[in-house]
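Colleague: The structure under discussion is supplied below as structure tokens; questions concerning it will follow.
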Amino acid sequence: MLRRSFIAFSLFASPALAQTADRELPSGRELIAVYVGASTCGPCLLPEMKAAVIRMKTLLDSTAKRNGYAFSAVGVSSDWLTEKGIAFLSDNGPFDQLVIGGNWTNLGVEHFIWNDSTAVPAMPQIVVLERTVTLGARISMSAPRVLRRVSGLVDIPQWVNDGAPISLVSPPATRSTPTNTPVSASNAAKPQNPPVPPRATTRP
């Protein structure tokens with residue numbers, strides 16, 4: 001009986017078991033940066049693009065922490081072969097999640113590009129989103145909201161050089177309507193009064 005109980009326990013996992021000494025599930029507001037590229041994409045292989053992607057993650061992680069958000073970086077590679085996709089994304093620094101394979105039918109490409117009628121199917125591309133995660137016996141997530149979409153060899157490095165600004169919605173202190181305020185790693189700690197309207201999404 002003891003042996004059976006041990007085997008049954010080893011076959012199942014629950015969200016409660018996902019917490020470790022150095023990792024925990026996000027709870028509350030989460031900022032997500034998605035990088036879409038491939039080893040077959042010429043601009044994706046250039047040193048300046050790789051440097052921009054690496055720095056982008058650092059800047060957005062800082063912005064998230066300053067505003068009380070968790071941060072996650074997702075790497076999407078449309079390479080047919082998973083080993084090529086892993087090698088390609090590895091050159092762009094660490095990611096928290098990877099979606100690799102399938103070419104233009106890749107699940108990440110489907111979710112972050114094809115399912116958004118305003119998105120241009122192009123690489124390299126960065127999509128920044130926010131969502132709210134609620135933990136419990138069943139974890140729930142709010143529908144992600146796109147904060148920024150940037151693509152191309154020119155626009156991505158320029159956006160990163162500007163501090164990777166995005167527009168976060170801060171929770172209101174009262175019942176008043178929340179206000180959109182652009183923030184970046186360089187200006188997130190500086191309150192702006194009056195709020196500046198969010199910058200338009202960069203499109204190639």
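The values are calculated or read from the model by the stated rules, or taken from the named source; none is laboratory data. Please read all numbers here as calculations on a predicted model, not as lab measurements. Heads up: the accessible areas ignore ligands, DNA and RNA and are worked out on the full protein's heavy atoms, side chains in. Shrake-Rupley method; radii C 1.70, N 1.55, O 1.52, S 1.80 Å.
Colleague: Determine how many Å³ per residue the convex hull of the Cα atoms of the stretch 11-149 encloses.
Modeller: Expressed per residue, the convex hull around the Cα atoms of the stretch 11-149 is 135 Å³.
Colleague: Right, next: Quick one: what are the phi-derived ³J(HN,Hα) couplings along the stretch 153-161, Karplus 6.51/-1.76/1.60 with θ = phi - 60°, whole Hz, x for glycine and proline?
Modeller: Rounded to whole hertz, the list is 5, 8, 6, 5, x, 5, 4, 5, 4.
Colleague: If you don't mind, there's one more thing I want to ask. Which log10 I(q)/I(0) values does the stretch 69-148 give at q = 0.14, 0.16, 0.20, 0.24 Å⁻¹ under the Debye formula, counting every alpha carbon as one identical point scatterer?
Modeller: -0.53, -0.69, -1.00, -1.24
Colleague: With θ set to phi - 60° and the Karplus curve 6.51 cos²θ - 1.76 cosθ + 1.60, what are the ³J(HN,Hα) couplings of the stretch 54-63 in order, to the nearest whole Hz, using x for Gly and Pro?
Modeller: My calculation for the stretch 54-63 gives 4, 5, 4, 5, 5, 5, 6, 4, 5, 4 Hz in order.
Colleague: Okay, moving on. Provide Thr134, Thr63 ordered by accessible surface of protein heavy atoms (probe 1.4 Å), highest first.
Modeller: Heavy-atom accessible area, descending, gives Thr134, Thr63.
Colleague: Given H placed on each backbone N at 1.01 Å, which residues far from Val99 in sequence or on other chains put an amide H within less than 5 Å of it?
Modeller: Sorted by chain and number, the residues that satisfy this are Gly75, Val76, Ser77.
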